[in-house]
Every structure is written in C-alpha cells, then in structure tokens.
Amino acid sequence: MAYNEDHGIDSVESGRVSFDFKGYLFKVLNLWKFVLICISSALLIAYLINVRKQNVYKLDSLISVENDQNPFFTANTSISFNWGGVSGKVGKVITAIKTRSHNEKVVDSLQFYMNYLIQGTYRKEDIYKKAPFNFNIDKAGSQAINTPIGIRFLNNNEFEIFTNFEETNLKAQRYSDKKTSRVKVPTGAFNTKFKNGEPINLSFLNGQILTKPSSEIKPGSEYFISFVNFDGIVNSYKKNIIISPFSEASSVLRLQLSGNNKAKIVDYLNATSAILSRSELERKNLYATNTIKFIDSSLAAVNSNLKDVTNEMNSFRKKNKIFNVTDEISQISAQLREYDLTKEEEESKLNYLNNLENYLNTKTDYSNIAAPTTVGIQEHNILNSVSKIIALAAERQNLEYTTKEGSELFKDLDRRIDSEKNVLLETIDATKQTIGIQLSTISRSIVNLEAKLSDLPEDQQQFLKIQRKLDISQEAYDVYTAKRSEAAIVKAANISDITVIDDAKDIGGGLIGPNKSLNYMMALMMGFFIPMLLIFVVFLLDNTIHGSDEVEQLSKIPILGLIGKYNYKNNLIVFEKPKSAVAESFRSIRSSLQFIYKKLEATDGKTLMITSSVSGEGKTFCSINIATVYALSGKKTILLGLDLRKPKIFGDFNIDNDKGIVNYLIEESSFEDIKYSTHIENLDIVPSGPVPPNPSELLMSSQMKILITQLRKDYDMIVLDTPPLGLVTDALELTQYADATIFMVRLDYTKKGMLALINAKHRTGEVKNISFVLNFYKHKTNHNYGYGYGYGYGYGYGVYGNAYHERDNNSILKRVKRLLKRV
C-alpha cells in the first residue's frame, strides 16, 4: 500500500491511505517476464486440454404431433376421443420422452449398454459401428460392467480374450432382467482363445463374436468391449435428450441430443422417434381393442342365444307340421319383432350404463372405459363426460412419471375427476330413468300385440314366438358382426399421431465442443489476470520501501543520495575501488553535505551521525565509506564506533575490539590507547570495545561530551556510527552532538512504518539536519517517476559513465542468477 503522490505526507500524518496505482503499474512492468511466463503456461495448459478433450456433437430431428380423429362405425360414432386437442398431445409427448420407461426401451433396443472401443492416443475411443465384428450378447448371462474386455484377433478365424483383473470379484449385470451381482474372476492376467462364432461362456462375459463379412481384420489388431450399468446409461440419456417446440404454439417438436459419437446420436434420435410413434399407436389401438373386446363379449352372448333359438325352431318344426299364417298375423308379428329389437337395444344401453356406473363407483383407473357409442348411446352429456374423464385419467397417468404422489397437482386432478364423475353419475341416473320409461312403453305395446295373437291356435302362437326370437337374435348377431368387422378394419388402418418430419442424419458439422477458441481466450485471461492479482496482493501486502518516490511520499525529510548495490569482499569500496559507481555515489553525498555544513557558523570540526531504523540497512557500510571519502579529500577524519551493542567497524581495518570507546568512557583507558590509525591516510578509527551492560548511560556521560568537544578541535570531520534508531534509544542520546544526520534506508528491506518514527522525531525537533541516503538502489527497477536527476546523480553517473568508471565483474552465471531472482 502506498500513498497519494500529491498529498502523501498529509495522508501519513492524518492516517488516510490511498492506492498507489503508478507504483503498482511499475511493479507489473518490472515483473513482465513473470506475467509472460504465466500467460505462456496457461496457453500451454489450454492446448493440452484441447488436444485431450473429446469432440462433443449435437444433432437433432423433427417430429409432428397430429390429432387424428378416426371414425369407428359411422360419422357419428367413434372410439377415438379427443383428449385435449393437439396441445394436450404435445405436452404428453414431451413428458413421455423424458420418462425412464421410454428411454429404457430405446437403450434396450439399441443395446447402448455395450460399447465397442479401440485404444486411442489419450483414451479408449468409442468406434460403435466401425468395429469389424459384432458381439451377440447372451442376455441371460452376466456381463462385467465398467471393465474393458480386450479382443485380440490372431487371424481371420481365431481371436483371444484378454484382460487383467486386480480383484477376485467384479460387479456384473444380467441384461435379461437387469439384475446386478458379483462374479468371481481370476486375479492377474487373463488370456483365452476362441474361434469365430464360438459361444463365449465366462463368468464375466457371455455371448458370441461374429466378424463382419465385409471387414478385413489384421492379425494382432486389438479391440475392446465394455458394458455399463443399464440404469446408469438410461439415466444419462434421459438427462441429455432435449425436446422442445419447433416454434411457439407449434405441434412440431425438435429432438436434440449431444454426445461424442455422431452415429450413436443419430441412431438414438431415430429410435426414439420410432418407439414413440409405435407406443402412441399402441395407445390408440388400446382403446379400439377395449371396445372390440366389449363387442366380442356381447357377440358371444348373442351367438349363444341365436344357437339356442335356432335349435328350438328346428325342434319345433320336427314336432309340428309346417303351416302358413295370414297377412294380418304376419304384420302383427313384424311389429312385435321391431318392438323386441328396440327393447333389446334399450336393454343393452341400460346394461352398459349399469356396468359404467358400477365401474365408476368401484375402480380408480378410468382409462379403460369402452366407447358408449358401441351400444348406440348418443347422449351428448354422457359422451362428453366420458371423454373428459378419460382425458383427465390419462393426464394423471402421465403426471405420475414426473411428479411425486401427494403433490397439489394430483389433488387438483383428483378433484376435477371426482367433479366430472359426479356429473356423469347424475346423467347416467337420468338416462336410466328415461330408458326405463321407454322400456315400459315398449313392453305395453308388446303385450297389446301379443293379446291380438292370443286367439290363434297354441302351436301357431308358439311358432310366432320362436320365429320372433330367431329374427331378433339373427338381427343382433348381424349388427354386432358388422360392428366387429368395422372396428377391426379401423384398428388395422389406424396410424400414429406422431410422424417423423426430418430424421436425424450425420451430414457433417454439429460440433459444439470443446470450444477451443474460448479455452484459449480463457487461458489468456487467466494467464494475465492471475499473475496481475498475485502481484496486486503482494503489492498490497508489501510494506517495504522500493524506490525514492515512496520515500518522498512518506516523509518531508530530503534524500541526500543514492548508493547502488555492489558485491565486494569488504566495506572499503571507496578506498579499494575508487573508480566504481558506488565510490562516486559517496563523493556525491560528501558534496551534498557541504551545503548543510556551510549553514553552520562553527569553524571547528564537523560531526556526522549515521543511523538507521534496524540492523542490516548499511549503516556501518556507509559510515566507513563516508569517513573514507572525507579522509581521501584531505580532511582529518575520525570514525567513532558508537554502536556499543553490536560493534562491527573494526573487522574491515584488521584491528581487534578488545579496547574501544567503552574503555574510555568508563575511564579505564586514555583516548590515545583506544585510537587506531588506519592504512587510509587522514583516517583514524575508534572501535566500540567490549559490550557494556549500560550502553545508554555511557553515551549520556560527561566523558562523552568532553570527548566530542576535544575531537572537534583535533579533527575536521567526526563520523559517528550509531545504533539503529528504531531499536534502541542510544542514537537519540547522540543527536545533541550531530551537526548533520544521515538516516539509512535500504530499498526492498526497510519497512515503511519505520519512517513514521523518524518523521515524528524530526517534527518535534529531536533530530535536526537529517537526510535520507537510499542504499541498494537499483536504477533499472526503481519506479522513480517524476523524480528527475537531482538525487540520482551519484548512481546515475556510474550507469551512464561506464567508460570512465570500473565495471563490475559480471560473469554470465551471475547475470543469469540475477535474472532469475528478479523474475
């Protein structure tokens, strides 16, 4: 998190924080190689996914749902009720195709629970009809499911079954009744030879392999057959098949199915249409069959009665002589016959209504009601009510496939059925009363006519009665026979309401996946945005200082100079590598310090305190080299090691730390005893000495004040190497002696929060004439936007003046390491 560029310092003081977009942008540009690697990796993954994924195809077919009303006997008599019109049939077809029972028929007819496979580059590929052989499955035997069984052809007449079993038993299924079981198999490699057409009777495979006459099989070629769970594959097709209207309010439906094998898709769609059409025809014929059964039962009774009456007539004629009746008697007999026929017809209606009433009161399935018109009932209310009840019953049956029992839909249908049934029962009762009145009238007419015949001799009366019964039976038999024939003709000529408009066919195309372009686009986006997000998170959580711009935003304290990173064996870079860019940086810092010292009126020696927030930021390194550049410029310089807790400066000058300023402050040694002259001209050094138990008290002692006063008289420049300001208070005790203070900031190391401490000390006046020196400055990676060349001279001169300065010893190996570290 960084601060707003224009109001950074105010934001620090007020606690408000804003996002540094420019800093984030430069961070991304700095890590462009990482982003490029992520994008390349993502595209490579997308390519590997695309080449390994199976192609997915989608094909379709069109079927039409019509509402054919076929006349049964006459134009006014029909057994094909209109069950809700075309829209009702469309809904029923849509529901039927998504049912389990329908998809079971399709899968079973195509044997899609068996797959023909061949080993591909990345997986076993489904070759379906392209296999050079057929496996005639023995449905009564068990087949191992989810286990590919290898078939290796040795020659045109012999093959080998091979596989490798890891367990002693496998799950198997018998497709005759769809029952699953566990079968024992031999563990390890299995190989058995068979001849073409020879029955295969194994615990895990039962059937017969027959090679196709038109196919040539190369010896050694290998194929696989695999069986899957019947219910599982049915459920898969049930979920995947899509049916929808071709257009709004259309009776044309579009069937769609997606899969990896186009030939399988084509066969499944066409089989679905064929089975659906056949099932619909069977449904239509079912009602005709129910009516024919009703006619057959009535015809059987009439035929039996006709035989009895015929036998009675023959018996009468044998016993009595044949005689003729008068025309008047014949006319009366004919009238009686007509009344008898009418009575027979009305009694048939009454019998049908009684049976229908009993059926409605005792049954719950109302889909098997025979057509009322078969017995001559033309009552509109009865026909309409029966039609509605059958339609609602069929709707309820269809709903059972998709809706749980107890649903509100069932309750609503049951209420509608009960309501319509009550209406029908009332209509039946009224019609029965009407028929009863008609029968009474007919009976009285018959009695009147029979009274006119009572004067005839008894044998003639007997003859006329038998003749009348014979005529009635014959007439009824002829009527039922005619209706039976007509019903059979209509049933035979019946066609399904579902017709195929456009069969499914593989004409090329149909590819819907994988979407390779989308995969590459997603890979490109993920390869770009994921590293951007990672960089953003790292940038957001990063609280270290990375550039001079951040220092400017976080503090009003000026930047005195920049020191680049330089790998060297010790800290004496200015002395031993005077032409290096780092040495020039220290000279630049020395020049900048002159402007601070010129403002001071004192003419004696100047003091420079060098501190930092924590250890490891280059405080001692800077102290040694600042002292060195002053000494090399002819200034008599002394370097005091005042970091009493963690002394360091003695090591680079090959002196020990047995005695130092601690010994002087406790008045154990004189100043001359602790001062060492170095091999650098004009540079003396005073090490820290042994670590004391009370470093702060020693630095606050009067001895320290006396020492600084004396050193100002004896030296031109006194450099104070102090403890870190952010860890201990020792450095604060020494600020009273410092004419100028350098606060070291190591880029990519110093925490941003550490600057808040020095800002507070500077605001309260505890630290004066303080400046920042940025250590480990990397010119190419610094997002120093808007900074200019003001503070960058020291390092920049080294970059752009390599012809003048000594070059670093950059081997190829070191360059590669630095490159990997940056990435």
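Test of understanding: what is the full-extension gain from PHE19 to GLN710, defined as 0.36 nm times their sequence separation minus their Cα-Cα distance?
243.6 nm
Please work out whether segment 133-220 counts as rounded, prolate or oblate from its C-alpha gyration tensor, where a ≥ b ≥ c are the square roots of the eigenvalues and a/c under 1.5 means rounded, while otherwise a/b larger than b/c means prolate and anything else oblate?
Oblate, since a/c reaches 1.5 and b/c is not below a/b.
Computed over the Cα atoms of segment 543-587, what is the ratio Rg over Rh, Rh following Kirkwood?
In segment 543-587, Rg relative to Rh is 1.08.
If a/c stays under 1.5 just call it rounded; otherwise compare a/b with b/c (prolate if a/b is bigger, oblate if not). Do that for segment 536-686, with a ≥ b ≥ c from the square roots of the Cα gyration tensor eigenvalues.
Note, shape of segment 536-686 comes out prolate.
Test of understanding: extend the Cα→C-beta vector of SER215 to 7 Å, then name every residue of segment 146-160 with backbone N under 19 Å from that spot.
Backbone N within reach: 148-160.
Cβ neighbours within 10 Å, averaged per peptide: list 138-145, 582-589, 530-537, 269-276 in order, most packed at the top. Walk me through the numbers on the way to the answer.
Numbers: 138-145: 19.0, 582-589: 23.6, 530-537: 14.9, 269-276: 20.9.
Ranking the peptides 138-145, 582-589, 530-537, 269-276 by packing returns 582-589, 269-276, 138-145, 530-537.
Could you tell me the number of lysine pairs in segment 611-695 with C-alpha atoms less than 14 Å from each other, where the two lysines are 8 or more residues apart or belong to different chains?
Here the count comes out as 5.
Size of segment 616-774 along its principal axes in angstrom, Cα-based, largest extent first?
41, 34, 27
Quick one: grab the alpha carbon gyration tensor of segment 109-152, order the square roots of its eigenvalues as a ≥ b ≥ c, and give me rounded if a/c is under 1.5, else prolate or oblate depending on whether a/b is larger than b/c.
Prolate, since a/c reaches 1.5 and a/b exceeds b/c.
Could you pull out every one of the lysines with an alpha carbon less than 18 Å from that of LYS105, ignoring same-chain neighbours closer than 8 positions?
LYS92, LYS139, LYS178, LYS179, LYS238, LYS239, LYS264
Could you sort TYR237, TYR597 by accessible area so the largest value comes first, with the probe set to 1.4 Å?
Output order, biggest surface exposure first: TYR237, TYR597.
Can you put ASP684, ASP308 in order of accessible area, largest first, using a 1.4 Å probe?
My answer, sorted largest first, is ASP308, ASP684.
Tell me, what % of the accessible area of segment 643-719 is carbon and sulfur with a 1.4 angstrom probe?
Result for segment 643-719: 46 percent of the exposed heavy-atom area is carbon or sulfur.
For the pairs LYS27/LYS778; LYS89/LYS432; LYS293/LYS465; LYS27/LYS516, note any where the Cα-Cα span goes beyond 23 Å.
In this structure, LYS89/LYS432; LYS293/LYS465; LYS27/LYS516 exceed 23 Å between Cα atoms.
For GLU66 paired with LEU524, estimate the spin-label separation in nm (one decimal), with each label point 7 Å from Cα along the Cα-to-Cβ line.
5.3 nm
Probe 1.4 Å, all protein chains in place: accessible area of LYS565 in Å², nearest 10?
Accessible area of LYS565: about 90 Å².
Quick one: which residues, 5+ away or cross-chain, put their amide H under 5 Å from the amide H of ILE559? H built at 1.01 Å from N.
PHE772
Under 8 Å for C-alpha pairs, at least 6 residues apart: give me the relative contact order for segment 519-657, rounded to a whole percent.
Relative contact order for segment 519-657 comes out at 19 percent.
Sorted by mean Cβ packing within 10 Å, highest first, what order do the peptides 619-630, 177-188, 497-508, 552-563 take?
Ranking the peptides 619-630, 177-188, 497-508, 552-563 by packing returns 619-630, 552-563, 497-508, 177-188.
Segment 170-297: D in µm²/s via Stokes-Einstein (Kirkwood Rh, Cα pairs, 25 °C, 0.890 mPa s)?
Values: Rh = 19.9 Å.
Answer from the Stokes-Einstein relation: 123 µm²/s.
Enter the accessible area of SER517 (Å², nearest 10), with the probe set to 1.4 Å and all protein chains included.
90 Å²
For segment 121-232, what does the relative contact order come out to in percent, with C-alpha contacts under 8 Å and a separation of six or more?
Once divided by the residue count of segment 121-232, the mean separation gives 37 percent.
The values are calculated or read from the model by the stated rules, or taken from the named source; none is laboratory data. Please read these numbers as outputs of a predicted model, since none were measured by experiment. Positions of Cβ are generated from backbone atoms using ideal geometry, with glycine treated the same way; all protein chains shown enter the neighbour counts. With ligands, DNA and RNA removed, areas are computed over all heavy atoms of the protein, side chains included. Shrake-Rupley method; radii C 1.70, N 1.55, O 1.52, S 1.80 Å.
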